[in-house]
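Derivation of every value follows stated rules applied to the coordinates shown; laboratory data play no part. The structure presented is a predicted model; accordingly, all values stated were derived computationally and were not measured. We place every Cβ from the backbone using ideal geometry, glycine too, and count neighbours over all the protein chains shown.
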Number of protein chains: 2
Amino acid sequence: MQNIEEQYVSCERELAAIRDSLEILGGKWKLRIMRHLNNHINENNTFKKIQREIDGISAKMLSKELQELEINLLVTRKVMDTRPVTVSYAITQYGLSVFPVNESLVKWGLNHREQIK
Amino acid sequence: MQNIEEQYVSCERELAAIRDSLEILGGKWKLRIMRHLNNHINENNTFKKIQREIDGISAKMLSKELQELEINLLVTRKVMDTRPVTVSYAITQYGLSVFPVNESLVKWGLNHREQIK
DNA sequence: GTAACCGGTTACCTTTAGTTAACCGATAAA
DNA sequence: TTTATCGGTTAACTAAAGGTAACCGGTTAC
């Protein structure tokens, strides 16, 4: 049995973890991009190809979101030796760890639609 | 095996579900409040008591967030027959369904701290 | 009558998230 | 030399989220 102080610390740690997850995976585009890369995992996902295939995303947002995903080790960026230069993005092995979170959000959201109708 | 159209619909449904989940459970306070109500489930959680115990939350935000949680059937609001009147909030049975999502966010966030350090 | 408690609401402000459109350098094709 | 492609960046904007502080009606205790 934990004492009060340990309970408090554990609670703070969990709250910080939730903040981290929502900051890194939340927002309008992050999971959208991760899912797209995962659904096209055997393709050469260049910047332009991703932008064409994700409906509504601007170059600015795609660039910004990919940078943040790369910083968090969820995707890799590889400059290809083509003319003109293309840049290929891919989900990392570690990036696959977001899919349980993705699934729990999907599951809850789908069920919630049933619940409130 | 699904055809292309069915895949597309399923993908749109899942993306909408993620948007719903993040809209209803995301933000700075929603899960914070749900966790608090769950941790104090046998107590009389009045507005003032919740506000005292959740560090940093303003009356405005607490009021707004509780209203939205109530609309989504996640908490109940009960005006008590006391002087002066108090209002008691409680998590619903359905509200408990957020904890698997909560757990997956906690788990991913905790692991991510390890991963990037 | 005045002060205090409860459960809020309102107005105003700041910060963050996201959009739009123009622009950039490097390269290559016509 | 003009035009196009790729992978962005920049500036300027709007929209959404959240914070701060003052205020409110109803009630009770002094």
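Quick notes
- Label 7 Å beyond Cα on the Cβ vector: B:Asp81 copy-to-copy distances, nm: 8.4
- Shortest-first distances to equivalent copies, position B:Ile54, nm, label 7 Å out along Cβ: 3.1
- Averaging the Cα positions of each part gives two centres, and for the range B:67-81 and the range B:12-26 these lie 22 Å apart.
- Shielding score for B:33-42, defined as the mean number of other chain Cβ atoms within 10 Å: 1
- Of the DSSP H helices in chain B, those whose Cα atoms cover at least 15 Å axially and whose Kyte score averages -1.0 or more: B:4-25, B:59-71, B:98-116
- Inter-chain neighbour count for B:24-32: the average number of beta-carbon atoms from partner chains within 10 Å of each residue's beta-carbon is 3.
- Most mobile listed residue (B:Ser58, B:Ser104, B:Ser21) in chain B, GNM with C-alpha springs under 10 Å: B:Ser104
- Copy A relates to copy B by a rotation, and the A residue whose beta-carbon is nearest that axis, with the distance in whole angstrom, is A:Ser104, 2.
- Cα Rg over Rh - the protein assembly as shown, Kirkwood: 1.05
- Over every Cα atom in the range B:28-116, the radius of gyration and the widest Cα-Cα span, Dmax, amount to 14.4, 53 Å.
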